[in-house]
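Bear in mind that the values in this text are calculations on the coordinates, not laboratory data. Quick caveat, the model's predicted, so the values are computed rather than measured. Note that each Cβ is placed from the backbone with ideal geometry, even for glycine, and that neighbours are counted across all protein chains shown.
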Amino acid sequence: MLELLLKLMLRFFRQGVYRINGVKNRVDKVRILFENQSFNIDLSQYSPHDISGVLKLFLRELPEPLLHFELYDEFLQIAKVVRRASSFYCFVKK
């Protein structure tokens, strides 16, 4: 299920797609479709925010975190490097 959701998210990728929540009843409908393993789902009636809402819900409900606590400091360091690189790119682009 995770692999399918990630493929869909790459197809619908937009900046900020995770910041805006999907409509709850549509998120629930898509989730039920995925849980029933309906892999030929027509998602044309759902927004990227609805689909990202299903992915966020799936990740929240995992019994173990996807990114383990032992690596927390390393993830923070990576985020700092990415943020600096992004800031540098914006500066150079101007």
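Here are the numbers:
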{"item": "Relative packing of peptides 21-28, 70-77, 46-53 - highest average C-beta neighbours within 10 Å first", "result": "46-53, 21-28, 70-77"}
{"item": "Cα-based reach from Lys29 at 18 Å (exclusive), listing aspartates and glutamates while leaving out same-chain residues under 8 positions away", "result": "Asp42, Asp50, Glu61"}
